1. Among the residues of region 300-339, write down those that are charged (D, E, K, R), assigned to a strand (DSSP E or B) and in contact with a helix residue (DSSP H, G or I) (Cβ under 6 Å, 6 or more places away or on another chain).
2. Does His344 meet the test of being assigned to a loop (DSSP other than H, G, I, E, B) and modelled with pLDDT of 90 or more?
3. Among the residues of region 148-158, are any touching a residue at least 24 places away in the same chain (Cβ under 8 Å) and of a type in the set (S, T, N, Q)?
4. Picking from Arg53, Arg111, Arg57, which residue would you name as being under 22 Å from Gln197 (Cβ atoms) and assigned by TED's automatic domain parsing to the domain that holds Val199?
5. Looking only at residues that are of a type in the set (Lys, Arg) and farther than 19 Å from Ala78 by Cβ in region 151-189, which one is surrounded by the fewest Cβ atoms within 10 Å (Cβ to Cβ)?
6. For region 96-146, give me each residue that is in contact with a Leu (Cβ under 9 Å, 6 or more places away or on another chain) and in a loop (DSSP other than H, G, I, E, B).
7. So which helices (runs of 4 or more DSSP H) are wholly in region 155-255 and hold at least 3 residues that are among the basic types (Lys, Arg)?
Amino acid sequence: MGPAPSVAEVRRAVRAVLGDRSRTGAADVVLVACSGGADSLALAAATAFEAPRSGVRAGLVTVDHGLQPGSAAQAARAAACGRELGLDPVLTVDVEVGGEGGPEAAARTARYAALDALAVRLGADVLLGHTLDDQAETVLLGLGRGSGPRSIVGMAVVDRPYVRPLLRVRRATTEAACAALGLTPWDDPHNVDPRYQRVRLRSEVVPLLDDVLQGGVAPALARTAELLRDDLEALDAWAADVLAGSASPSVPPAPVAGDQLRVPAAERPRSAVDHLELSLVAGLPRAVRTRVLRAWAARTGAEPLSAERTAALDALVTAWHGQGPVGLPGGIDVTRASGRLEAHPRRTAQE
């Protein structure tokens, strides 16, 4: 008699990821990040079953944030479960959680910093137990923030060193898999604390949407994120190709009508990275053009651009009327001169 349907579904999801690793030549070590909750526990059990069959060494890591009474004991239970499942190595990492961004964000920052360091030290990928329901909640959070399509594409299955095998698996399935395997998940009190946005989305918003829209909301949101990610990846690849074409120095084009005079040679950027020919971007769709501009700005040393700074930079290309330098975060000023955008370190008052 085969495994329960829920167990089989989780194993299939893990098998697909581990098999892909074999084909792509990824490092033959994975660590399951396990809190002891149903999602990560089901993932750990499935990984312990599938990894030997895929020729992959699999271990487990549990992170103790120290935010709740008994957290060390819970981390020890998760580690003990990993050893019982036959995972090796089994590691417990203690982290110190700061206060920036609130407790949820600070805990996440500390956790990922620890996992990043561990992945580098062991040359491993880290398997995370995010499910389809987590993906739907992430999409809703992005919609509420209104910060553009990238905020609603949700989480990627592969974003190395992180891999999320269960993004098409429902939370109810992981809970059923644990029950079928005789595993007792830990119920994190934070998962029912209404002070956290995700808890209210999970317990109030998604059920209400399901009621109003007659079901299927979580799968629909996750499917939307997957389709939108395909579109964004295509646009990003297009923009990367355009920017790659600007990497080599070229003979400057004739000045575009209305451009300011060329700056003196002594003040001109000396690196090809510090200028961008307008001919490469002027005719592009805005979605691609702004991607090129943001990526180029990053190459010049600017920090990530807000929507406002991106629009100001784009206006140098599309709405030029002699406006002065656009200041970018990170101490970079951009001017338009003789058919190109030029980036300069910002001068101080003393200069």
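The values are calculated or read from the model by the stated rules, or taken from the named source; none is laboratory data. What you see is a predicted model, and the numbers here were worked out from it, not measured in a lab. Here Cβ is always computed from backbone atoms with ideal geometry, including for glycine, and neighbour counts include all displayed protein chains.
1. Hit for region 300-339 is Arg336, nothing else.
2. Numbers: assigned to a loop (DSSP other than H, G, I, E, B): no; modelled with pLDDT of 90 or more: yes.
Answer is no for this residue.
3. Within region 148-158, none of the residues are touching a residue at least 24 places away in the same chain (Cβ under 8 Å) and of a type in the set (S, T, N, Q).
4. Values: Arg53 fails: under 22 Å from Gln197 (Cβ atoms); Arg57 fails: under 22 Å from Gln197 (Cβ atoms).
Unique residue meeting the criteria: Arg111.
5. So the first thing to find is which residues in region 151-189 are of a type in the set (Lys, Arg), and the list is 160, 164, 168, 170-171.
Now narrow it down to the ones that are farther than 19 Å from Ala78 by Cβ: 160, 168, 170.
Details: Arg160: 11, Arg168: 19, Arg170: 18.
Residue satisfying both the conditions and the ranking: Arg160.
6. Within region 96-146, Val97, Ala124, Leu128, Gly129, His130, Thr131 qualify.
7. Values: elements: 171-181, 197-200, 206-213, 217-244.
Answer list for region 155-255: none.
Let's see how each residue does on (1) at pLDDT 95 or above; (2) closer than 26 Å to Val30 by Cα:
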site	(1), (2)
Pro165	yes, yes
Val169	yes, yes
Asp188	no, yes
Leu201	no, no
Val206	no, no
